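Beneath this line is the structure, given in structure tokens, with notes to follow.
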Amino acid sequence: GDSSVTLQAQEEIIEMKDVFSVKLKRRRFAGQQKGGTLLGITIFKCLNKEENKLTDCAIHLNNLSEDHCQLWFRRLKEILNGFPNRPKSLKVFVNPSSHKREATNIYYEKVAPLFKLADIKTDVTVTEYEGHALSVLKECELQAFDGVVCVGGDGSVSEVAHGLLLRAQRDAGKDTEYVSKPVRAPVPLGVIPAGTTNILAHTLYGIKHAVTAALHIVMGHIQPVDVCTFSTPGKLLRFGFSAMFGFGARTLALAERHRWMPSGQRKDFAFIKTLADLRPEECELSFLPLQIPQEDTDEKDRKKKGRAKKGNKDQWQKIQGHFLNVSIMAIPCLCSMAPRGLAPNTRLNNGSMALIVVQNTSRTEFVKHLKRYTTAKNQFNFPFVETYTVQEVKVQPRLKSGPDAKENVRLNAEGNYPWNIDGDLMKEASEVHVRVHPQLIDLYGVNTDDLESSQVTCNCI
């Protein structure tokens, strides 16, 4: 240009690990699909904003030379293709019934454009009934995909995770009725939050934000996660991440019986009604405390409640009584209502579960315990709450006797005792055996250190 004009140049460094797409930039007339005047190249970058939120931005590099642009374009594409874990093809499940029936719009308006921009091929199934994703996963050619994505709530994600792990057992020639040593899931699972609580998405990303979740998938951020098996004697019930027995399960069971109500209303109604009818469950809990290597025992036993010293590997412990709620969780279970997590001392992949037992107490004290989940205070600092770090748990309900015996008839008529497993209702009469299996599945998300930072941020808020 004119030598009298001073150009103010600003230098910016772009790390290729933050870039997820590069395109040739052309000017086209309305309706023109191909060709056009070459303007340069555009680089699409992933930005990390406040509160764990990710967003995308475009950086335009102008150059009218076809040779120069093609050279840069090919070289940058080679670099991007060299990053591991970045998917090229995804199987996508969309649950159109999740929450306010917004999952379809969330996927096609916010997620699909990012997948297309990153040149990721997708095969989309919009589920039509409960168990649809499970049946598709049994038959589809999984080897054609680099990952599976679920757009929905916790129940939908749990169904897809269960289907992936069942498929892994079948492909490995393992028994799917009784699973003692499960096989790892063959491909990673991505979670796009479109439900009510979205516990797994909050735990992975620290936030409910569809674009953030999509960018973690596009960038190939992989996080190994522990998974539990829930079994009765000789039969696998479910693969899952967390479960509640007692108050949490009764609340879900009541909400499921009022499906005709809007989602938010039925959850509030079920919570208040179950709290009004608060009563304990009589059961026996057997658990195997987490074993600690000998060199770590002295220091860690002084710090962590509920861990047993190194000894007999079959050193089971038992407690029996009347319990208002029993929680068994292999992940921290963050959500907007519990920013520290339902089990804040648990990690995604440390090979352990949190066993949280709430003994019988007054309704007033129980409400105080529940309110603590929404604050930065310790929700377990009550004399009626006990926490343990365990490897296995067995829950054996006891039939009531005396004046409450009529409750047994009602439970049996409804299909026995309710369980809340990852937001899905299951009913079982016999003993339920829960075991944790370290790093059984890969999820697209952040690592544990990042997660700890997000928990602190949520606390401050």
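The values are calculated or read from the model by the stated rules, or taken from the named source; none is laboratory data. Every value quoted in this text rests on a predicted model; they were computed, and no experiment measured them. Neighbour counts are summed over all protein chains in view; Cβ atoms, including those assigned to glycine, are modelled from backbone coordinates with ideal geometry. Surface areas here come from the heavy atoms of the whole protein model, side chains and all, with no ligands, DNA or RNA. Shrake-Rupley method; radii C 1.70, N 1.55, O 1.52, S 1.80 Å.
A few comments on the model shown:
- Exceeding the 20 Å Cα-Cα cut-off - candidates LYS77/LYS208; LYS25/LYS77; LYS181/LYS394; LYS100/LYS371; LYS77/LYS121; LYS100/LYS267: LYS77/LYS208; LYS100/LYS371
- Computed over the alpha-carbon atoms, the stretch 16-82 gives an Rg to Rh ratio of 1.05, Rh here being the Kirkwood radius from the mean inverse distance.
- Relative packing of 102-112, 37-47, which averages over residues the other C-beta atoms within 10 Å, highest first: 102-112, 37-47
- Unit charges at the beta carbon, dipole of the chain: most positive-side option, TYR417, GLY445, MET244: TYR417
- Taking every DSSP bridge with both residues inside the chain, close to 80 percent are antiparallel.
- Taking all protein chains as they are arranged and a probe of 1.4 Å, the heavy atoms of TRP72 leave approximately 140 Å² accessible to solvent.
- Dipole of the chain, positive direction: furthest Cα of ILE59, GLY264, PHE380, with charges on the beta-carbon: GLY264
- Rounded to the nearest 0.05, the FRET efficiency derived from the C-beta distance between LYS17 and VAL367 at R0 = 60 Å is 0.80.
- Each label was represented as a point 7 Å from its Cα along the Cα-to-Cβ direction; for GLU431 and LEU39 these points are 7.0 nm apart.
- Translational diffusion coefficient (Stokes-Einstein; Kirkwood radius from C-alpha pairs) of the chain at 20 °C, 1.002 mPa s, in µm²/s: 88 µm²/s
- Those residues of the stretch 32-48 whose amide nitrogen sits under 14 Å from the label point placed on ARG26, 7 Å along Cα→Cβ: 32-42
- Accessible surface of the chain, 1.4 Å probe, proportion on carbon and sulfur as whole %: 49 percent
- Peptides ranked, highest mean first, by Cβ atoms within 10 Å: ranges 417-428, 266-277, 387-398, 146-157: 146-157, 417-428, 387-398, 266-277
- Net charge dipole, the stretch 89-225: roughly 260 debye, given to the nearest 20, about the Cα centre with Cβ charges of +1 for Lys and Arg and -1 for Asp and Glu.
- Estimated FRET transfer efficiency (ALA172, GLN359; beta-carbon r; R0 25 Å; 0.05): 0.05
- Three-way shape label, the stretch 111-259, alpha-carbon gyration tensor, a/c 1.5: oblate
- Size of electric dipole in the chain: Cβ of Lys, Arg +1 and of Asp, Glu -1, about Cα centre, debye, nearest 20: 540 debye
- For the pair ALA144 and LEU117, a Förster radius of 35 Å applied to the C-beta separation gives a FRET efficiency near 0.95, rounded to the nearest 0.05.
- Extension gain from ASP268 to ARG184, taking 0.36 nm per residue of separation minus the Cα-Cα distance: 26.5 nm
- Ranked by the mean number of other Cβ atoms within 10 Å of their residues, highest first, the peptides 374-383, 179-188 fall in the order 179-188, 374-383.
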